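Worksheet: one structure, shown below.
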Amino acid sequence: MFEIALLLMLAFILLMAIITVESRDLLSAVVALGAVGFGLAVVFLLLRAPEVVTAQIVVEIITFITLILTVYKTSKSDTTPQVAMRNMSPQILAIVFFSILFIMFVLPGLRALPEFGSPVMNVSGSYINRVTREIGANNIVTAVLLDFRAYNTLIEAFVILTMVVGVFIVMRPKGRKDGPNS
Amino acid sequence: MDPIVKKFANIFIAPMLVFGLYVVIYGHVLPGEGFDGGILIAGAFILTMMVYGREEARKRLNFSFALIVSALAGLCFIIIGLLGLAGFSPEHKFIFDNFLPQGNPSNLFSGGIVPVCNVVLGIMVGTGFYALFGYLVVSKGEKGENEK
């Protein structure tokens with residue numbers, strides 16, 4: 001039952017992603033993209049990961065509003081010229097060739113994967129034991145992110161700060177007074 | 001903006017802000033952490049900016065001030081890591097060492113440096129995203145002056 005619900009949600013997400021790519025009306029494409037994001041949130045909820053669900057929903061809402069405003073202010077239909085199928089034979093050959101190559105390399109890896117629902121606990125088992133003993137925080141994900149992997153989180157946060165500073169430098173209307181172009 | 005949007009925004013901004021603060025402060029006990037709570041706080045401010053316009057949002061919280069607060073929070077994060085390296089516990093000294101007392105699990109004050117890092121990260125991400133949107137949004141009829 002659980003696997004059937006999961007597969008149905010994944011099929012829904014795939015359908016919505018195809019609609020997003022193929023739709024000529026940009027507003028419906030944005031709505032279909034939102035359906036992809038919220039379907040992914042439902043999948044995470046089925047897999048019991050509430051951490052990821054909160055992040056997914058918040059980011060999804062912000063991007064959804066921003067994309068809706070962008071479509072509202074600019075253009076409402078996709079005007080990319082479509083290429084006929086018979087003019088695309090080299091691309092189709094390349095796609096077939098690389099799909100065969102991809103499947104050849106991926107199939108051995110898929111066979112080596114562990115069974116669904118029985119993960120390999122090499123690293124995570126020791127993390128779970130050490131969190132209750134050494135840190136004492138209830139939420140193991142946050143404890144791993146902010147204690148064992150705090151260096152990683154620090155760099156992530158500074159990527160965001162660098163992005164904000166870069167946007168500030170690019171978007172300011174007036175340059176420096178003593179700059180070369182003034 | 002429309003009066004309908006304004007009415008709904010007036011209702012929703014305060015609960016969004018309170019829920020963001022709740023996620024940040026209880027990040028080490030319940031699901032969620034600094035990133036999610038910070039983006040929720042920034043989302044409340046961004047909603048204010050979209051409904052009432054950029055000038056009105058700038059009067060409440062200046063974008064450059066928000067960027068400076070974000071950078072100072074990042075500095076606080078580095079200082080917490082270096083305090084662990086300085087060594088308050090005698091047996092292990094490394095960067096981001098958990099030097100605060102452990103406390104009772106599932107209490108608010110537990111987990112050593114984890115709640116402190118959560119609050120710092122929430123401030124950093126929230127003000128950073130607010131400043132990002134403030135610099136990117138240029139509304140109609142406005143020349144776009146980011147320098148005040």
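Tabulated results
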item: Residue check, B:Val51 closer than 27 Å to A:Gln56 by Cβ, without any contact (Cβ under 8 Å) to a residue 60 or more places away in the chain and exposed (fewer than 14 other Cβ atoms within 10 Å of the Cβ); result: no
item: Selection within region B:27-55 - at the interface with chain A (Cβ under 9 Å from one of its Cβ atoms) and in a loop (DSSP other than H, G, I, E, B); result: B:Gly27, B:His28, B:Val29, B:Leu30, B:Pro31, B:Gly32, B:Glu33
item: Only listed residue being surrounded by fewer than 21 Cβ atoms within 10 Å (Cβ to Cβ), in a loop (DSSP other than H, G, I, E, B) and at pLDDT 80 or above, chosen from B:Leu100, B:Leu85; result: B:Leu100
item: Selected residue (criterion: nearest to A:Leu7 (Cα to Cα)) from residues of region A:86-143 that are within 14 Å of another protein chain (Cβ to nearest Cβ) and assigned to a loop (DSSP other than H, G, I, E, B); result: A:Asn139
item: Of all residues in region A:144-176 being surrounded by 14 or more Cβ atoms within 10 Å (Cβ to Cβ) and not in a helix (DSSP H, G or I), the one that is nearest to the other protein chains (Cβ to nearest Cβ); result: A:Arg172
item: Where B:Lys93 falls short, out of the listed (1) facing another protein chain (nearest Cβ under 7 Å); (2) surrounded by fewer than 20 Cβ atoms within 10 Å (Cβ to Cβ); (3) modelled with pLDDT under 85; result: (1)
item: Any hit, region A:60-69, residues being within 30 Å of B:Met49 (Cβ to Cβ) and of a type in the set (Asp, Glu); result: yes
item: Any hit, region B:7-26, residues being among the charged types (D, E, K, R), over 26 Å from A:Thr142 (Cβ atoms) and free of Cβ contacts under 8 Å to residues at least 24 places away in the same chain; result: yes
item: Residue check, B:Ile123 facing chain A (nearest Cβ under 9 Å), assigned to a helix (DSSP H, G or I) and among the β-branched types (Val, Ile, Thr); result: no
item: Options A:Val21, A:Val42: the member that is farther than 29 Å from B:Gly38 by Cα and assigned to a helix (DSSP H, G or I); result: A:Val21
item: All positions within region B:85-128 that are under 14 Å from A:Thr153 (Cβ atoms), without any contact (Cβ under 8 Å) to a residue 60 or more places away in the chain and among the aliphatic types (A, V, I, L, M); result: B:Ile95, B:Ile113, B:Val116
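The values are calculated or read from the model by the stated rules, or taken from the named source; none is laboratory data. This one's a predicted model, so the numbers in the text were calculated from it and none came from an experiment. Ideal geometry is used to build each Cβ from the backbone, glycine not excepted, and the neighbour counts take in all protein chains shown.
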